[in-house]
Amino acid sequence: MRLSIIGSGYVGTTVAACFADLGHEVVNVDIDEEIVEAINDGTAPIHEEGLPELIAKHAGPNGTGRLKATTDYAAVLDTEVTFLCLPTPQNDDGSIDLSIMEAGATQLGETLAEKSDWHTVVVKSTVVPGSTEDTITPILEDASDTTAGEAFGVGMNPEFLREGTAVNDFLNPDKVVLGADDDRALADIHDVFDPLVAQADAPVVETDTRTAEMIKYANNAFLAAKISLINDIGNICKQFDIDAYEVADAIGLDDRIGEQFLRSGVGWGGSCFPKDVSAIISAAEERGYEPPVLNAAVDLNERQPGRLVDLLAEHLDGEFDGARVTVLGLAFKPGTDDMRNSRAIPVIRDLQKRGGTVTAYDPVAMDNAPDYVDDVTYADSAAAALDGADGAVVVTDWDEFAALDEEFDAMANPIVVDGRRIIERRDGFTYEGLTW
Ligand code: UGA
């Protein structure tokens with residue numbers, strides 16, 4: 001099929017490359033000329049495993065030609081289905097900011113006014129229940145001067161891929177959720193996903209757009225709350241000198257609990273969990289319901305970075321007083337250069353607030369870091385960051401940190417507080433785990 005993908009962020013670029021790999025003709029539309037140029041050169045505009053290979057395979061001079069990029073919305077006219085993969089950030093009060101989606105839908109609608117045959121629009125961005133039906137569809141109708149169900153149909157297809165493993169997650173989904181209030185739109189979305197569903201043998205959930213929207217929030221809220229719960233239990237374990245990871249391994253054997261997302265530590269970050277949990281809490285509160293469990297999950301998540309810093313402070317007689325602290329890891333998780341809502345941000349700010357100075361190292365995220373934190377010295381390697389330091393905290397579980405050994409000997413004061421259980425406890429330095 002001929003597909004257009006509006007937006008070339010983590011989701012849009014990955015989805016476009018994967019759809020091309022499944023045999024579709026895909027055009028990515030984005031306002032950022034640099035991103036468009038990168039894709040057309042056959043290179044990946046973001047750091048994501050497996051993506052450079054797919055983009056080189058389908059775009060650029062040696063590609064199959066199935067993937068192209070442009071800044072021009074008119075490219076939509078040559079396609080049958082458009083996926084809206086635009087960002088849905090949060091307002092200061094935590095609620096969803098739909099303005100980028102609204103602007104994209106307006107431009108898309110104005111473009112569709114020129115189209116004589118049927119078109120299906122699919123919302124892939126994470127939007128609170130009702131957004132597709134009550135906001136996006138009316139904008140498309142107004143801007144195209146046509147009626148949904150007659151000239152075009154609208155569907156909602158939430159995405160469950162994770163940064164760092166996005167390509168693999170997209171190509172091997174545990175489910176495909178197709179939401180539509182229109183049979184023709186639903187049939188089109190089915191046609192788009194048929195090759196993936198056949199290849200991955202994935203279950204398909206067919207539903208209406210509001211339920212599809214809610215499934216995405218429920219998925220992320222459940223996982224975020226699961227991590228907060230294991231962090232709560234982990235904090236209790238710490239009080240009893242019990243290893244929370246041993247406990248998690250045992251409870252994870254219960255199918256009803258499951259072994260994934262039971263890694264306790266400094267908490268959840270990234271561009272999705274914090275924003276999505278806040279947005280669904282805010283949307284629920286607007287309708288008169290305050291969700292106590294989700295509010296507690298957020299509250300606990302906000303406290304974990306402070307607990308990490310507390311543990312280091314205990315080893316420094318409670319005071320930082322100019323101490324030079326090494327922060328190992330800046331990305332919100334390994335495998336990405338993304339620092340959005342990384343737990344490194346509150347950890348660094350707290351260390352600085354309490355009088356410490358910070359030297360940081362991350363294998364890929366250091367270029368992004370100055371957008372989020374100030375007054376940090378960046379080192380070229382973990383070894384250089386640790387050299388002469390008065391203490392260290394681990395915020396991201398990069399594999400290379402597991403291999404660190406004599407590097408700790410070069411610290412002025414060899415104390416390591418691990419927020420991710422990646423460093424091995426051994427003789428020669430003081431090791432403290434956050435929940436073990
Ligand atoms: C998350 C979801 O896992 C995806 O299914 C979803 O599609 C995506 O959000 C989205 O809405 O777009 P992502 O934010 O890329 O994906 O990252 P995760 O791997 O879920 O990790 C999120 C945070 O939780 C990270 O900070 C990670 O360190 C933390 N985490 C994860 C833990 O603290 N413990 C765990 O056991 C697992």
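The values are calculated or read from the model by the stated rules, or taken from the named source; none is laboratory data. None of the values given here were measured: they were computed from a predicted structure. Please note: Cβ atoms are built from the backbone with ideal geometry, for glycine as well, and neighbour counts cover all protein chains shown. Note: accessible area is taken over every heavy atom of the protein model, side chains too, but ligands, DNA and RNA are not part of it. Shrake-Rupley method; radii C 1.70, N 1.55, O 1.52, S 1.80 Å.
For residue 111, state whether it is over 25 Å from the mean Cα position of the chain (by Cα), surrounded by fewer than 24 Cβ atoms within 10 Å (Cβ to Cβ), of a type in the set (Val, Ile, Thr) and at pLDDT 95 or above.
On the way: over 25 Å from the mean Cα position of the chain (by Cα): yes; surrounded by fewer than 24 Cβ atoms within 10 Å (Cβ to Cβ): yes; of a type in the set (Val, Ile, Thr): yes; at pLDDT 95 or above: yes.
Yes; evaluated as a whole, the condition is true for this residue.
Do the conditions hold for residue 280, that is, is it touching a residue at least 40 places away in the same chain (Cβ under 8 Å) and assigned by TED's automatic domain parsing to the domain that holds residue 338?
So residue 280 fits the description; yes.
If we scan region 336-355, do we find a residue that is more than 16 Å from the ligand (Cβ to nearest atom), farther than 20 Å from residue 302 by Cβ, touching a residue at least 12 places away in the same chain (Cβ under 8 Å) and open to solvent by less than 60 Å² (accessible area, probe 1.4 Å)?
Yes; the residues of region 336-355 include at least one that is more than 16 Å from the ligand (Cβ to nearest atom), farther than 20 Å from residue 302 by Cβ, touching a residue at least 12 places away in the same chain (Cβ under 8 Å) and open to solvent by less than 60 Å² (accessible area, probe 1.4 Å).
Specify which of the listed residues (373, 364) is part of a loop (DSSP other than H, G, I, E, B), aliphatic (A, V, I, L, M) and open to solvent by 20 Å² or more (accessible area, probe 1.4 Å).
It is 364.
Pull out all pairs, ordered by first then second residue, where Cβ-Cβ is under 7 Å, the residues are six or more apart or on different chains, the first lies in region 362-373 and is not assigned by TED's automatic domain parsing to the domain that holds residue 46, and the second is of a type in the set (Val, Ile, Thr).
From residues that are not assigned by TED's automatic domain parsing to the domain that holds residue 46, the pairs are 362/396; 369/376; 372/345; 373/345; 373/348.
One residue is enough: does region 316-326 have a residue meeting the conditions within 16 Å of residue 398 (Cβ to Cβ), at pLDDT 95 or above and assigned by TED's automatic domain parsing to the domain that holds residue 228?
yes
Of the residues that make up region 230-251, is at least one open to solvent by 20 Å² or more (accessible area, probe 1.4 Å), within 12 Å of the ligand (Cβ to nearest atom) and of a type in the set (Val, Ile, Thr)?
no
Test of understanding: among 182, 188, 169, 194, which residue is open to solvent by 60 Å² or more (accessible area, probe 1.4 Å) and in the same structural domain as residue 13 (by TED's automatic domain parsing)? Spell out how you get there, then give the answer.
Details: 182 fails: open to solvent by 60 Å² or more (accessible area, probe 1.4 Å); 188 fails: open to solvent by 60 Å² or more (accessible area, probe 1.4 Å); 169 fails: open to solvent by 60 Å² or more (accessible area, probe 1.4 Å).
Among 182, 188, 169, 194, only 194 is open to solvent by 60 Å² or more (accessible area, probe 1.4 Å) and in the same structural domain as residue 13 (by TED's automatic domain parsing).
Within the set of pairs 6 or more residues apart or between chains, which connect a residue that is within 16 Å of the ligand (Cβ to nearest atom) inside region 200-216 to a residue that is polar (S, T, N, Q) with Cβ atoms less than 6 Å apart?
200/172; 216/126
Please determine, by comparing only the residues of region 252-275 that are near the ligand (Cβ under 8 Å from one of its atoms) and on the phi > 0 side of the Ramachandran plot, which one is most open to solvent (accessible area, probe 1.4 Å). Step through it out loud before you land on a result.
Going residue by residue through region 252-275, those that are near the ligand (Cβ under 8 Å from one of its atoms) are 260-273.
With on the phi > 0 side of the Ramachandran plot added as a condition, the list becomes 261, 265, 267, 270.
Details: 261: 63, 265: 1, 267: 6, 270: 1 Å².
Among them, the one singled out is 261.
Could you grab me the full set of residues in region 234-265 that are more than 14 Å from residue 303 (Cα to Cα), within 27 Å of the chain's Cα centre (by Cα) and in contact (Cβ under 8 Å) with a residue 40 or more places away in the chain?
244, 245, 263
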